[in-house]
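A short write-up of the structure that comes next.
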Amino acid sequence: MLLNYALAVLTGLLLVGIFPRFGFTLLAPFAIAPLVYALSREWSPKHRFLLGWVAGLIFWSLCNYWIHFVISVHGGLGQGLGTVGFVLFVLLRAVPMGLFAVCAGIAVQHPTAVIAVPAMWVAMERIPYLYDYKWLMLGNAGIDMPVPMRLAPLTGVYGLSFVFAVLGTAVALVALRRPRTWLIPAAIILPILVLPDLPAPGLPTADAVSVQPSVEDRDNWTTTEAVALGKQMEALTMTPVLQSRRKPALLLWPEVPAPIYYYEDAWLREQVDAMVRTAGAPALIGTVARNSKGQPLNSATLIAPSGQKFDHYDKVHLVPFGEYIPWPFQGIVDKISSEIGDFVPGDRVVTFPLDGGQRVGAFICYESAFPSHVRQFVAQGATVLANLSNDGYFGDSAAREQHLFLVRMRAAENRRWILRSTNNGITASIDPAGRIARTLNDKQVTSGRLLFSFNKDATLYTQYGDWFAWTCTGLALILLGLTQVPVYRKG
């Protein structure tokens with residue numbers, strides 16, 4: 001019994017170790033092996049659930065440890081209530097891994113285990129749960145692995161999760177001395193060896209100016225300070241513009257924890273409009289908009305070179321406790337954002353026009369964790385993507401590097417350059433294979449040009465979304481059903 005729980009803890013630690021800041025990504029194919037081995041030795045559904053739940057507790061508490069800092073400091077709960085909130089989050093977020101373990105404990109006893117268990121793992125990653133909070137998935141560990149990454153444009157990150165889970169399950173089956181024939185279905189992953197490589201690094205053909213203001217996270221801004229910030233961001237924007245004769249394709253301002261109200265602040269609006277007219281390039285800025293009821297929207301707005309607003313995209317996937325308080329916590333805790341009233345989600349995906357018939361799609365901060373959402377911008381014609389983000393709430397934690405992992409995978413899934421403009425880092429341009437092309441100096445007040453290219457190709461993932469993840473979900477149900485079919489043998 002104790003050995004089984006030790007193995008569950010080991011899987012939790014391996015899952016933590018494959019992601020930043022540890023980054024032992026080569027352990028990804030072995031991460032779930034200890035848990036699968038332990039499940040094969042446990043016949044009680046209750047204890048199977050507890051084994052998976054323990055692994056989940058280790059993973060979510062150690063990988064997302066920074067959530068405690070976010071809700072304690074920026075959420076205003078203090079250390080005591082912040083700890084209570086974080087513990088509650090971890091206890092609940094680990095439940096899906098417990099449910100996975102209940103099902104996987106049955107499947108691992110069947111000859112189809114090497115396929116059934118990975119399918120169940122992918123289903124666990126895809127099915128929405130707990131306000132649909134998502135972060136790192138097993139497949140994200142493969143972002144720097146050329147061969148597994150061949151799957152990204154076809155299956156999204158879920159294909160990589162499946163491959164790593166197949167390998168981990170196979171390791172467990174070998175250790176359990178199961179019949180060799182049980183490993184034959186694992187051959188389903190072999191076609192990955194003949195898939196085309198992701199695109200090689202190319203010569204960028206365009207560039208964008210990105211501003212990194214490194215604004216302090218606080219809510220006591222004065223009018224004088226807000227005006228000074230606007231002037232500073234204008235100066236940061238124009239410096240790279242004036243240093244080169246080449247006109248940028250786009251100007252980028254990130255999501256910032258400051259009163260950047262393009263629609264409500266006439267002075268700021270006139271300043272930004274004049275700036276884009278001088279630069280001769282459109283500007284994509286993070287700001288706060290309002291709906292018809294006056295409720296705040298976390299928005300990305302494009303201002304055309306003429307100085308006229310084109311349109312705005314309103315963030316669809318809001319951060320629970322960050323931008324709104326979900327039921328049943330209203331009135332008990334404060335949200336992290338200083339905006340009066342909860343943000344409300346947008347209801348549409350918008351792509352903005354650029355010169356030459358090109359289009360840019362802008363997803364905001366935490367939305368990078370949703371593969372199926374980001375792909376919609378490309379499906380609607382975006383030839384380049386932008387990620388406007390503020391990672392200042394994370395402090396000096398591993399969350400900043402983890403967030404970059406997510407954005408890099410979105411680039412490879414859709415074969416698009418992504419221009420990541422952040423408040424205090426990590427500001428970067430990412431190529432269509434998920435490689436980092438350039439970054440700005442981290443945690444500094446700076447600006448610079450991010451090189452990129454436009455692309456109009458559509459990947460299979462862009463066209464069909466999470467088809468693989470939902471196929472795995474259906475396959476998991478079928479194979480779980482097969483384990484319940486009685487087998488009669490002649491005596």
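Table: residues versus (1) farther than 26 Å from Met409 by Cα; (2) surrounded by fewer than 22 Cβ atoms within 10 Å (Cβ to Cβ); (3) at pLDDT 95 or above; (4) not polar (S, T, N, Q).
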| position | (1), (2), (3), (4) |
| --- | --- |
| Val36 | yes, no, yes, yes |
| Gly56 | no, no, yes, yes |
| Ser61 | no, yes, yes, no |
| Gly80 | yes, yes, no, yes |
| Thr83 | yes, yes, no, no |
Residue selected from the range 11-32 under the condition out of contact with any Leu (no Cβ under 8 Å at 6 or more places or on another chain) and part of a helix (DSSP H, G or I), by the criterion surrounded by the most Cβ atoms within 10 Å (Cβ to Cβ)
Thr25
Please go through the range 38-54 and give me each residue that is buried (at least 24 other Cβ atoms within 10 Å of the Cβ) and out of contact with any Asp or Glu (no Cβ under 6 Å at 6 or more places or on another chain), ordered by number.
Ala38, Leu39, Leu51, Gly52, Val54
Here's a check for you: in the range 394-440, which residue that is out of contact with any Lys or Arg (no Cβ under 7 Å at 6 or more places or on another chain) and among the acidic types (Asp, Glu) is farthest from Phe363 (Cα to Cα)?
Asp396
Answer yes or no: is there a residue in the range 334-347 that is of a type in the set (D, E, K, R), modelled with pLDDT under 95, out of contact with any Pro (no Cβ under 9 Å at 6 or more places or on another chain) and closer than 30 Å to Pro153 by Cα.
yes
Answer yes or no: is there a residue in the range 279-295 that is crowded, with 21+ Cβ neighbours inside 10 Å and of a type in the set (S, T, N, Q).
yes
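The values are calculated or read from the model by the stated rules, or taken from the named source; none is laboratory data. Here the structure is a predicted model, which is why all the values come from computation and not from measurement. Neighbour counts run over all protein chains shown; Cβ positions are idealised from the backbone, glycine included.
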